[in-house]
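To keep things clear, I will list the structure first and then write my remarks on it.
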């Protein structure tokens, strides 16, 4: 008997051990990412030819303790390598595992290589050559917890490479993953009608058809690792190949199982057909180009096993949530009596199906950990709905009803108001209901959802479910394309977080506000370039700027400066610490045709700039951060603690009769009016004058004051 190790991705061990037992292996022992077993040479060949789940089969030559480089060298040197392969053959070493004295796999591979060539030399034999690619003889070594296992890569190239795949789609599914799905779903026990409405390049269906036809998965492979092994018995191997070919021929003629595959991408369907033809099962599978929501149920019972798109694959999160919700609706309406098995890396997408899983398993798709959920759609619970009447436009009337009703009401009111007001970007919803803690802003034909950090006493699973319901509900509530919804998570800003990019791709728009044009960037940064709650404050700045010298401090993207310039300011100076925002402000001026030298931009620490400038102004707009401890500021800043000192520092910048418009967004902010009056300021709260209609639901974060200094 020989000792083997069948390697497989994590999560495949159980199914692999069952497969090995069915094939006749003995002394089966599950391990991490694989299974040990014993078999005769003939059975080792058979398992290599027939295993659908293993990634590779390793013939174990040595296994023992290893605590030092010397022990590793001695373990490899102690093997009689001339009994394993000829010196004329090239060899390579695949080393797996680290820890202890092994701090990188290259070190382990080199030690074994040195031992092998030294052993050949000491046995008076020419040393074999190392080949990094396409070696004749591949040695596999695995180190774990002080144990070294050295063996021959018996199977050769990865076993999931069956030989029938021509090219792959965008998100290919490995063949042994598809086989594992078929086993763990229960379909393999009694093959019945099988469909995959997201078939891609056809892997699940092809693997299933090969199972139903009793077709060995290794029949189409051109190379195996044992071919250059000295103890290889080609007669036995050829006999097993002949047997497998005969079984496949008989199995195909007896196969009565129906297979149905479809995909919305015609290129992938064509590819799936080519792959199925290469595998010899094309005539068993009915392929179609179709939207998954429109497929017809091919019988009263069967299995639907699929790997629908998710975040790592195709589409935006909101569009995918819509798709999954509509899929769940279709399953409940039409698939009574069917078993469903869905692979996905995003549990929130699975929750959008609104189906209760019978069983949940973990299964890796490459390095990606996925959930593999099994569902039964009981015929007696299926809603008897005419398939032609199932809503394909995202009707989600039974999801998050209070939220949907509130959003519809707000949107109906604000849509008319915005058109009359002359703005096309506004807030629709701002945590109006405590269970749905999000802010929703509409920018032309797009919507940005910002998720607020949930209270610590709310379980993460609850907040995720509520957010999922928001994303499912919103498109139908306001009539927007799910692809045009952008999700962001808003948390407390730390240092320069607000300046850092959160997504690599841009989505730039031009919005209009009271005749002013501003550039928006909806994806790259947490903020979009326009604080919507300051809309009326910016308008007020413009109204007060005629023939005045205007200063905008902590200017962000310079939108208030643009209003000042359009309002007829004599000069406008825009100051912000961020280079990104200073350049953005310049772009906003250019958009509005404001290119005069009287418009100046300064990138500087505003606190330091105030101390050093000698300029004078008639109007100052200042909107400082609530809190800042930026590396580029010498001290921290707290608007509640420091606003008096900040405002007093502006006195020297004011011309006689000059005004300051001061705003901030700190909740429960309390203005130190007496301290400011002692500095000869006249202080007036103008919240009611500057709070826009779309922010009146949440006035606590809006604080705006008009200050005039008397000489």
Scanning the stretch 84-106 for residues that are free of Cβ contacts under 8 Å to residues at least 40 places away in the same chain and either in a loop (DSSP other than H, G, I, E, B) or surrounded by 15 or more Cβ atoms within 10 Å (Cβ to Cβ) (or both), the one farthest from the chain's Cα centre (by Cα) turns out to be 101
Regarding residue 187, is this residue on the phi < 0 side of the Ramachandran plot, touching a strand residue (DSSP E or B) at 6+ places or on another chain (Cβ under 7 Å) and at pLDDT 95 or above?
yes
Conditions: (1) surrounded by fewer than 16 Cβ atoms within 10 Å (Cβ to Cβ); (2) out of contact with any helix residue (DSSP H, G or I) (no Cβ under 9 Å at 6 or more places or on another chain). Residue 417 meets all but one. Number of the miss?
(2)
For the stretch 547-578, how many residues meet the condition of being assigned to a loop (DSSP other than H, G, I, E, B) and either within 43 Å of the chain's Cα centre (by Cα) or surrounded by fewer than 24 Cβ atoms within 10 Å (Cβ to Cβ) (or both)?
12
Condition met for residue 144 (out of contact with any strand residue (DSSP E or B) (no Cβ under 9 Å at 6 or more places or on another chain), assigned by TED's automatic domain parsing to the domain that holds residue 72 and either within 26 Å of residue 66 (Cα to Cα) or crowded, with 17+ Cβ neighbours inside 10 Å (or both))
no
Restricting attention to the stretch 21-36, does a residue exist that is touching a strand residue (DSSP E or B) at 6+ places or on another chain (Cβ under 8 Å), in a helix (DSSP H, G or I) and free of Cβ contacts under 8 Å to residues at least 24 places away in the same chain?
yes
Checking 223, 247, 274, 231 in turn, the sole residue that is out of contact with any helix residue (DSSP H, G or I) (no Cβ under 8 Å at 6 or more places or on another chain), outside any helix (DSSP H, G or I) and touching a residue at least 24 places away in the same chain (Cβ under 8 Å) turns out to be 223
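The values are calculated or read from the model by the stated rules, or taken from the named source; none is laboratory data. Computed from a predicted model, the values in this text were never measured in an experiment. Because the Cβ atoms are built from the backbone with ideal geometry, glycine has one as well, and the counts that use them run over all protein chains shown.
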